[in-house]
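Please read the structure below before turning to the comments.
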Ligand code: ARG
């Protein structure tokens with residue numbers, strides 16, 4: 001039940017239509033301290049219409065309000081303070097959460113619909129970057145949040161597996177490459193060849209012509225080039241998959257740029273038919289003045305297609321295949337302008353889902369103050385960052401809980417969880433500097449802190465053993481529990497808002513709030529004592545465990561039962 005709505009009704013019942021329900025609802029305030037109740041209505045709002053002093057109005061209304069479902073209602077100056085019946089509130093929310101379990105907050109409003117999410121999308125033959133990591137974990141969390149809100153997401157890894165650079169790579173491999181080296185350490189070696197190509201072509205510009213011809217051969221399906229390209233793609237994907245496995249992220253499709261190579265004609269034809277494609281210095285562009293954007297280059301003067309040409313084909317394909325309710329692209333903010341252009345072109349084309357295209361940008365990430373760049377061939381493997389985190393987690397568990405049976409497993413969940421949480425707790429457009437040690441602390445704004453709070457709840461429940469509290473009265477009236485109870489109540493609204501904003505950080509911040517409230521309660525109250533509130537307290541612990549676990553789950557973070 002929505003308590004704001006309940007209070008609104010109580011006020012409306014003693015008015016004569018002076019205010020509408022929406023007006024009352026939005027005037028309700030949350031008092032700063034508990035001594036002034038849980039919700040307050042300022043009577044100033046009625047002074048003009050009723051021609052009375054606000055204090056008098058407050059007193060008059062309180063005398064008429066039916067107080068049975070409140071602890072009390074009182075006039076204080078110009079305010080009417082409502083004190084909710086905490087026992088009733090507690091009973092309702094705890095019963096609800098325990099009955100629904102992980103489904104608490106699930107929104108099946110029938111809104112639904114398919115939502116393709118373009119996410120991760122690294123480029124083959126190059127190391128996956130921190131940006132791709134962000135796209136992976138943000139996209140994965142948004143997919144989970146969408147499911148929770150009744151949508152059907154399709155996670156698509158739009159691999160950068162096509163383009164003129166593969167002509168260069170094939171030429172470089174044939175000249176300087178070695179099969180065994182690529183098998184042993186694919187990405188590093190492929191990058192090495194590619195970097196060498198760029199050093200050499202400064203003095204030997206004929207290399208560029210060779211690369212162009214080679215790419216043409218690849219496009220035309222020439223056997224040798226296709227064989228090499230497929231091999232590069234395969235070994236690259238294998239190394240990406242190792243990281244995805246560690247992160248626990250899966251994809252529904254891997255339709256990279258190459259997938260659209262034979263699907264570009266239709267988009268170009270539509271642009272032509274609509275008279276949108278115009279010549280500019282030999283190339284074909286779409287003018288976007290109307291959107292205050294520069295023209296989008298669609299075909300180069302030699303007829304070659306570009307990144308955007310493939311993205312137009314991609315959008316048409318997704319539109320047709322999924323009839324999407326929304327189209328999401330989780331890609332770094334450096335491509336914001338590009339996605340504005342893409343959306344504008346698709347709107348001009350009249351693509352049905354173009355209106356619902358959302359670029360979901362995110363900021364840069366540095367690790368220990370260092371930017372991870374791949375341009376220069378300097379590679380900091382993400383894999384390494386994850387392994388370091390797991391190692392660090394293992395040390396901490398070793399120190400805190402040496403007898404834990406499944407240490408390896410838990411260390412993975414904590415280490416990887418710390419990285420994911422450390423990313424997702426930030427508003428996604430912020431730039432972040434990532435200090436591994438900070439993210440792995442068991443105290444503070446970290447994933448392990450939330451995981452630890454969940455494990456603490458589970459440990460209490462284990463200690464409670466066979467005490468059956470399910471049928472117990474759940475009216476917990478301990479004021480120390482109030483913050484935890486109201487936080488629990490907030491969860492469905494948070495999920496809805498996080499979905500609307502495409503913002504996993506709202507869920508992460510919520511989890512921190514709930515964990516903090518619960519730990520405060522825990523420090524203050526003895527839970528396992530035999531009295532008439534024991535069942536209610538255990539119900540609270542159970543509810544906290546359920547909601548913390550589900551919050552972490554929505555972020556793609558595991559919640560071990562002990563750590
Ligand atoms: N591969 C690209 C990159 O690493 C990202 C692709 C994003 N998705 C898209 N449909 N353009 O920059």
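Values in this text are rule-based calculations from the coordinates and carry no lab data. Because the structure is predicted, anything quoted here is derived from the model rather than measured. All Cβ positions, even for glycine, are placed from backbone atoms using ideal geometry, and neighbour counts span all protein chains on display.
If I model a spin label at residue 529 and residue 427 as a point 7 Å from the Cα along the Cα→Cβ vector, what separation in nanometres do I get?
4.4
Using a ≥ b ≥ c from the Cα gyration tensor of the chain (square roots of the eigenvalues), is it rounded, prolate or oblate, where a/c under 1.5 gives rounded and otherwise the larger of a/b and b/c decides, a/b for prolate?
Cα axes put the chain in the oblate bin.
Mind checking the full-extension length gain between residue 108 and residue 44? Use 0.36 nm per residue of separation minus the Cα-Cα distance, one decimal, nm. Write out the running numbers ahead of the final one.
Working: separation 64, 0.36 × 64 = 23.04 nm, distance 3.97 nm.
Gain on extension, residue 108 to residue 44, equals 19.1 nm.
With label points built 7 Å along Cα→Cβ from the Cα atoms of residue 22 and residue 100, find their separation and express it in nm.
Here the modelled spin labels are 2.6 nm apart.
If each residue of separation counts as 0.36 nm, what is the full-extension length gain between residue 9 and residue 202 once their alpha-carbon separation is subtracted? Kindly include the intermediate steps, with their values, before the conclusion.
Numbers: separation 193, 0.36 × 193 = 69.48 nm, distance 7.65 nm.
Gain on stretching residue 9 to residue 202: 61.8 nm.
Can you bin every Cα-Cα distance in region 238-389 into 10 Å intervals starting at zero and give me the percent of pairs per bin, rounded to whole numbers?
Using 10 Å bins, I get a P(r) of 9, 32, 31, 20, 7, 0 for region 238-389.
If we restrict to alpha carbons, what Rg and Dmax does region 163-248 come to, in Å?
Rg, Dmax (Cα atoms, Å): 13.7, 45.
At 0.36 nm per residue, and after removing the present C-alpha to C-alpha distance, how many nm does the segment from residue 152 to residue 493 gain when stretched out fully?
Going from the current span to full extension adds 120.8 nm.
In deg cm²/dmol, rounded to 500, what helix-only [θ] at 222 nm does the chain give when every DSSP H run of at least 4 residues adds -39500 (n - 2.57) and the total is split over its residues?
-17500 deg cm²/dmol
Would you please give the FRET efficiency between residue 245 and residue 289, computed as 1/(1 + (r/R0)^6) with r the Cβ-Cβ distance and R0 = 41 Å, to the nearest 0.05?
0.30
Taking R0 as 51 Å, what FRET efficiency do you get between residue 387 and residue 66 from their Cβ-Cβ distance, rounded to the nearest 0.05?
So the FRET efficiency works out to roughly 0.20.
Report the calculated FRET efficiency for residue 217 and residue 459 (r = Cβ-Cβ distance, R0 = 56 Å), to the nearest 0.05.
Efficiency, rounded to the nearest 0.05: 0.35.
Normalized C-alpha radius of gyration of region 390-449, against 2.2 N^0.38 Å? Can you show the working numbers first?
Numbers: Rg = 12.1 Å, N = 60, 2.2 N^0.38 = 10.4 Å.
So the Cα radius of gyration is 1.16 times the expected 2.2 N^0.38 Å.
Report, largest value first, the span of the C-alpha coordinates of region 3-84 along each principal axis, in whole Å.
Per principal axis, max minus min of the Cα coordinates gives 30, 22, 21 Å.
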